[in-house]
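One structure below.
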Amino acid sequence: MTRTSASVPSAPVGVRDRTFPSPLHETRTASWLGIALGVTFTVCFLTGLYSHYQQQQSDALFLIPARPAGLYRFTQGLHVATGIASVPLLLAKLWTVLPSFYEWPPVRSIAHAVERLMLVPLVAGSLFLLFSGVGNIALWRPWRFDFTTGHYWAAWITIGALITHVGAKLVVARDALRRRDGDAEPPVTTPTAAGPGVVDAGGLNRRGFLGAVLGASGLLTVATIGQTLEPLQDVSVLAPRRPGTGPQGVPVNRTAAQAAVIEAARDPGYRMVVAWPGGERSFTYDELRALPQNEAVLPIACVEGWSANGRWGGVRLRDLAEVVGYADPDGAVVRSLQPGSRFTSSRVNRDQLRDRDSLLALDLEGEPLHIDHGYPVRLIVPNRPGVLQTKWLGRLELR
Ligand SMILES: Nc1nc2c(c(=O)[nH]1)N[C@H]1C(S)=C(S)[C@@H](COP(=O)(O)O)O[C@H]1N2
Ligand SMILES: [Mo]
């Protein structure tokens, strides 16, 4: 196959004079990669918004339901998986359109200038999101900003730029995809830079290249998705955490030692304080054990994309509310014995509070909680990010 290079005879020397001999710098390859990225970015964005809303613990838009119990596990697994799958797609896309960054003249019209300017937030935002996301799940966090805030705002900027970009490229992409296979394909720098020339890259053709990129994307996904899909945990060699590992078969996010709660958690004078408007009552560990006990199989679904099911045992939140005589609370706040940090308290909404599986858990897999899983008492509620399943509880406030 013969193909033109992207050099412009009249362009001044310098970076603009670079040539791009591969025939794969063409619009059709770019369009297919764009479609694939459009799908993964959209799914990643929507699941990310849902995760952010969960972590805000706000009822402003809607009350987060307790059911389906595994919904957050599913959406967050999808969020991390589509983010990981996007990495090879994005790198391939950037490589494919590389010549267009050297386009000459750099600006042809105001519309063209706007279109090119939008590439800055699009490219920078995409790279930032994918690399900060992957860094975060790998527990490699060399940055100083708050990950959640940075990742959230970068997502809006990137999606805004992406929508503009799709709008600007729609016609070019549609034409490229309509052309029949085998037809000559303009390089990505068309119309200004396409001049006659003969280059045989001698490498992959478009189908082979796209296949290789999709294959890399699929392989990376399979190599990591076992952190939440238990049947795949043995082949997921790159999974940062595995469902079956850790004390009582569940991975640990932060140990009791890291949280500096060992002493408070093992204190023989431990009391669980239940407070409500107008009163409070404290329970010893044995008194909690003497209340009606229930079991629930629920996952810890960490925002970092790993998840693991556990069989939890303990006291229903709604039963406890009834025991203290405040039977119909509107919600609750739990507080940890752990000092400081924003993971030390969380809210439970009305729907979650009434769910039969929402527990003050004392047991995991039929044994008292391991101290790293929150002994003496932790919260476990259906359809909730792990970060809100507060461990080492000292206080429950009914509202
Ligand atoms: N008090 C307290 N509770 C906490 C945390 C914490 O750091 N401190 N980490 C949370 C996070 S991010 C997760 S994913 C789960 C993990 O629970 P596990 O360690 O029992 O698996 O606990 C949550 N509860
Ligand atoms: Mo987490």
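Observations, loosely collected:
- In degrees, nearest ten, helix 206-225 long axis to first principal axis of the chain (Cα): 10
- Peptides 241-252, 355-366, 59-70 ordered by packing proxy, namely the average of other Cβ atoms within 10 Å per residue, highest first: 355-366, 241-252, 59-70.
- Just checking the listed ones, Leu117, Leu214, Leu89: in the Gaussian network model of the chain with Cα springs under 10 Å, the one fluctuating most is Leu117.
- Heavy atoms of Glu287: accessible area, 1.4 Å probe, square angstrom to 10: 90
- For the chain, a Gaussian network of Cα nodes joined below 10 Å ranks Thr164, Thr40, Thr82 by mean-square fluctuation, and the top entry is Thr164.
- Largest GNM mean-square fluctuation among Pro187, Pro268, Pro329, using the chain with Cα springs under 10 Å: Pro268.
- Tilt relative to the chain, helix 147-178 - C-alpha long axis, 0 to 90 degrees, to 10: 40
- Peptide packing: for 156-163, 309-316, the average count of neighbouring Cβ atoms within 10 Å per residue gives the ranking 309-316, 156-163, highest mean first.
- Counting only protein chain heavy atoms and rolling a 1.4 Å probe, the accessible areas of Arg350, Arg108 rank, largest first, as Arg108, Arg350.
- Overall form of the stretch 266-369 per C-alpha gyration tensor (a/c, 1.5; a/b vs b/c): rounded
- Helix 27-56 vs. the chain, principal-axis angle (Cα, 0 to 90°, nearest 10): 20
The values are calculated or read from the model by the stated rules, or taken from the named source; none is laboratory data. Just so it is clear, the structure is predicted and the values come from calculations on it, not from any experiment. For neighbour counting, all protein chains shown are included, and Cβ atoms are generated from backbone atoms with ideal geometry for every residue, glycine included. All accessible areas refer to the heavy atoms of the entire protein, side chains included, with ligands and DNA or RNA removed. Shrake-Rupley method; radii C 1.70, N 1.55, O 1.52, S 1.80 Å.
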